[in-house]
Amino acid sequence: MDKKLYIAYGSNLNIKQMANRCPTAKVVGASMLKDWRLLFRGAHASAVATVEPFKGGSVPVLVWELTSTDEAALDRYEGWPFLYRKETVKVKLGGKNVKAMMYVMNEGRPLGQPSCYYYTTILEGYKDAGFDLDILHQATIDSAEKEIPTDE
């Protein structure tokens, strides 16, 4: 069965949630997305996580190994291709660069705040992985502002 590397930066950092959704997926390591930032976009109190290119930014991620069945389950959960598109990026894993797929929200959705439940799901993932909680907190602040600075 084909295996694929997948980068999680939002609710799929949550090990319990991923175990339910993708029972054959395995975490193969943690890494950082360099020159990206985490934001929340979508409806008022139920915005969801996305990442956007941002010079000097960094987003902690878990790298998962997926089967095609796992990927199909994630496609449904992520609303692919309508809400999210798939992008392939390079991340460092075990000292070398590897290519992995991640979901990035399609353009046109406003900044917003996540629901308490969704935020807590991500927060648990951050804590379990030992990630810097300030990055997650900053994403909610950045997503509350009307105009956010771009790196252009």
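Quick notes
- Two-site FRET efficiency, Glu87 against Lys26, from Cβ-Cβ distance with R₀ of 25 Å, rounded to 0.05: 0.70
- The angle separating the long axis of helix 116-129 from the principal Cα axis of greatest extent in the chain is about 50 degrees.
- Residues Ile122, Ile141, Ile135 arranged by fewest to most Cβ contacts within 10 Å: Ile141, Ile135, Ile122
- Partners of Lys3 within straight-line reach, counting lysines whose Cα lies under 26 Å from its Cα and excluding those fewer than 8 residues away in the same chain: Lys16, Lys26, Lys34, Lys86, Lys90, Lys92, Lys96, Lys99.
- Short-range pairs are left out: with C-alpha atoms under 8 Å and at least six residues apart, the relative contact order of the stretch 3-144 is 34 percent.
- Computed over neighbours whose Cβ is under 14 Å from that of Lys127, the net charge equals -3, Lys and Arg +1, Asp and Glu -1.
- Relative packing of peptides 56-62, 83-89, 35-41, 6-12 - highest average C-beta neighbours within 10 Å first: 6-12, 35-41, 56-62, 83-89
- A simple packing score, the average count of other Cβ atoms within 10 Å per residue, orders the peptides 64-72, 103-111 as 64-72, 103-111, with the highest score first.
- Near the amide H of Ala47, within less than 5 Å, lie the amide hydrogens of Gln113, Ser115, all on another chain or at least 5 residues away, with H placed in the peptide plane.
- Across the alpha-carbon set of the chain, the Rg to Rh ratio works out to 0.93, Rh being the Kirkwood radius.
- Per-peptide average of other Cβ atoms within 10 Å, ordering 112-118, 44-50 highest first: 44-50, 112-118
Each value in this text was obtained by applying a stated rule to the coordinates, not by laboratory testing. Keep in mind it's a predicted model, so treat the numbers as computed, not measured. Using ideal geometry, Cβ is built from the backbone for each residue, glycine included, and neighbour counts are taken over all protein chains shown.
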